[in-house]
Every structure is written in structure tokens, then in C-alpha cells.
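Just so it is clear, none of the values below were taken in a lab; they were calculated from the coordinates. Model, not experiment: these values are computed from the prediction. Cβ sites come from the backbone with ideal geometry, for glycine too, and all protein chains shown count toward neighbours.
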Amino acid sequence: MSGAEDRARRALTDAPADLLVDRVAGELERSYGITDVELFQVDYRLSALLPLGPGEPIAEPGHPAWRCFDHQEPILAGDAGYLPVGMRGERRGVLRVAPVPEDPAALGELLGVATALGHEMTAVNDTTDLYRAARRSRRLTLAAEMQWELLPGRSRTRPSFSLAGQLEPAYAVRGDSFDWSDDGHRLWLSVINGSGEGVAAAMLTALATHALRNARRAGIPLADQAALADQAVYALHRGAEHVSALLLELDLASGVTTVVDAGSPRLVLLRDGRVVQQPLEAQFPLGMFDGTDYREQRFPLLRDDRLFVVSDGVVEATGRDAQYGETALDRFVRRTGPMEPLEAVRSLIGDLRAFVAGDLVDDAVVVCLDWTGPRP
């Protein structure tokens, strides 16, 4: 690490939460002669890159900023450079700097500074609303605010897996959600197909999610996690409300996948460019009955397999007097093979929006998981 990069990183760690970009911009001007620094964050719909300050959103797909965001690599355009901003696979946006130094080594240092900015933004996210507020092109509904705050992130990357998820309609989602966690040996994923309307739906999903987290963090098996969440929902609603969920645990060394299908969202397996049927044992949704016993089932993933988990809102999306359907879903999933998970999720959501000619009316959740095989 050069002295200039180290000073820029220290400027970030020492900056107040609301002045991260201002402080790093001052250091980049002193060290690299860069006079134009602007942060663009991806919005909740994954459809626009929004400036932190005054400026115009970037929505056109071919723009250098979007190429940088999609490929997660520096893009040069004229005297400007676009650098990916993120943390551990969580893509936050793009940093525009100009003029870019001619020294190739300096570009690598600037890339490191942009990554450090992503880490600092994540670190301060709970202490300021500045970055959250700048990410929205319109106001979130209260239910959507609750749902987005519940998420672990929108994308995650480790040597043995990569995954991403998205909620729709992004600014008005109610009950659909997802959650994930990993400890280096296993990955846990839950996808919830919520029911109800407005804040009531968001509260029901929040109860199920926190119950599943509580059980998972206690280290109990997947079927018992489902049972405890089932008891939590039933204890409050006595069967009047329930939650459909798919719980998944992936052994990162072997690829063995443990699943509990609690009235679940759909699981689609893409293997070697083909959609492979993976039957699941359908069981009762969480909270439907008192004391439901859940059963686990297991199947192996092969290296470079891709799993899509989608809620009913995807296949039942209606446009032109027809439903999107499982055939269209399978066809589109096959087309995502070369894409990174977040790009695949964004593309599928974009296809749905085009099908319905606008925002989705019903909730939809899409999660894409790639198992790339065991790594040291």
C-alpha cells in the first residue's frame, strides 16, 4: 500500500459519518490531483445509480458507471474513472473520479480506496440516514421500510459461494423477504413468501424472521428451527395467520444441501445450462397449526450449480391477460448462466417488469445462489 492510499484510507476512518466522501475527496486531490469525486449509490429497485449530492441519476444500462457496477471492475471513460464501491460482495454503488492519473499503479490504489469507502459506509450505516435516504428515488412505504431494514444485505460473496436477492415492488413490498448467514463451513438461507397487506404483513414476516434467527443462532437443526418459528407464529396468531418459507442449509465443503419446505417459495436448479427438477416435500406453512413436526430432506449440489428461489409473486405475475408462469421462469433462468447472481436477479426482475408493463402489484422475492465448490 502506498503512502497516498494509506492517507486516503485514514481520512475515511477518521471522517465523521456524514463527511466520508468530502474527506476522501480532499485527500484524493492532495495526493492524486483528482478534482472531481462523486458517489453514486444503486437504488432500491436496482434500476438507477443515484448521486449522493446534487446531480442527475444514471439509468441508461450502457453507461460506464453501470458497466463498472455490473462487472465490479474499474471503467475508464475519457478523463474519468468509475470504481466499484462495496464490501464482501455487497454492491453499494460506484465512485466517479476525474481526472484519472495516468500511472496504472495509481488506478489500483484508487480501487482500494473505493473498497475502503464501501466498508466505512457499512460501518456508519446505523448511525446516519444520509446514505439510506440518498438511495431512494421516491418514498418507501412504512412496510417496505421495515422489510428492507430486516435484510442481511442484497449480495454476498465468499470463495465457495455467491448469492444475491431482491424484493419487489421495491418501494412498496409488504410480506416477502429473505435472510442468510454463514460461518465459513455452512450457509443458511431462508426465503419467506409473506401474506397479508401493509404493516401487518411486514410485522408477521419480521416475527418469523427473528424466530428463525433466534433458533439458528442457538445451533439447533434446520427442522427444529422451522418448528420453533412455527410455534412463535402460532402462539401469537393461533392459526389465523401463517407464513410460507423455504429453509436451506448448505455444507460448503461437500455441497450437501438440507432443506425444509414449509409451504415454500419455488426452488429452481440450474445445472450445466439445464433446469433440473428438484422435488421438495411440501409441509405446512409456519404458524398454520399448533406443534407441527417438520422433516428435513437432503440433496447434493455439484460444483457451479445455481439455485433460484422465487416466491409466488414471480410465477403469478400477470400481464396482457396471462401469467408469467413456470415455463417462462425456467426459460429465463437458463439465460442467466453467464451472469453473476446480482446481475441474474436484476435481469429476472427486469423481465418481470417488462412482462407486467410496470412495477409488480403483488410481492415477489428472488434469490440466486451459486455454489462454486469447496475452497481451502
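Remark: relative contact order (region 3-134) = 26 percent; criterion is Cα-Cα distance under 8 angstrom and separation of 6 or more residues. Descending by average beta-carbon neighbour count within 10 Å, the peptides 11-24, 223-236, 92-105 line up as 223-236, 92-105, 11-24, the highest first. Net charge around D129, counting only other residues with Cβ within less than 15 Å of its Cβ (Lys, Arg = +1; Asp, Glu = -1)? Surrounding charge for D129 is 0. Summary of the geometry: region 1-36 and region 278-319, compared by the centres of their Cα atoms, lie 47 Å apart.
Per-residue ellipticity at 222 nm from helix content only, as computed over the chain with -39500 (n - 2.57) for each DSSP H run of at least four residues, stands at -11000 deg cm²/dmol.
Quick check on the chain: what does the Kirkwood estimate of hydrodynamic radius come out to from the alpha carbon pairs, in Å? Hydrodynamic radius (Kirkwood, Cα only) of the chain equals 21.7 Å.
Computed about the Cα centre, the dipole magnitude for region 95-241 is approximately 240 debye when only Lys and Arg (+1) and Asp and Glu (-1) carry charge, each at its Cβ.
What is region 1-125 by shape, rounded, prolate or oblate, if you read a ≥ b ≥ c off the alpha carbon gyration tensor as root eigenvalues and call it rounded for a/c under 1.5, prolate for a/b larger than b/c, and oblate otherwise? Judged from the Cα gyration tensor, region 1-125 comes out oblate (a/c at least 1.5, b/c at or above a/b). Each part reduced to its alpha carbon centroid, region 341-376 and region 64-97 end up 21 Å apart. The peptide list 142-148, 307-313, put in order of mean Cβ contacts within 10 Å with the highest first, becomes 307-313, 142-148. Across V260, V191, V37, mean-square fluctuation computed from a Gaussian network of the chain (C-alpha pairs under 10 Å connected) peaks at V37. Simple rule: put +1 on each Lys or Arg Cβ and -1 on each Asp or Glu Cβ in region 3-134, find the dipole, and look at T127, V97, A114; the Cα lying farthest toward the positive end is T127. When only Cα pairs below 8 angstrom with a gap of at least 6 residues are kept, the chain shows a relative contact order of 14 percent. Amide H contacts under 5 Å for D36: A98, restricted to partners 5 or more places along the chain or on a different chain, H placed in the peptide plane at 1.01 Å from N. Between the residues L151, A253, G184, the greatest Cα displacement towards the positive end of the dipole of the chain, with unit charges on the Cβ of Lys, Arg, Asp and Glu, is found for A253. Taken about its Cα centre, region 142-371 carries a charge dipole of roughly 540 debye when the Cβ of each Lys and Arg holds +1 and the Cβ of each Asp and Glu holds -1. Count charges around D14 for me, please; just the other residues with Cβ under 13 Å from its Cβ, Lys/Arg as +1, Asp/Glu as -1. Net of charged neighbours comes to 0.
Summing Cβ point charges (Lys, Arg +1; Asp, Glu -1) relative to the Cα centre of region 3-134 gives a dipole of roughly 300 debye.
Full extension from A253 to D290: what is 0.36 nm times the residue separation minus their Cα-Cα distance, to one decimal in nm?
The span from A253 to D290 would gain 9.7 nm if fully extended.
Using a cut-off of 10 Å between beta-carbons, work out the net charge of the residues near P265 (Lys and Arg +1, Asp and Glu -1, P265 not included). Combined, the nearby Lys, Arg, Asp and Glu give -2.
Look at the dipole of the chain built from charges on Cβ: of G219, F69, V42, the Cα furthest out on the positive end belongs to G219.
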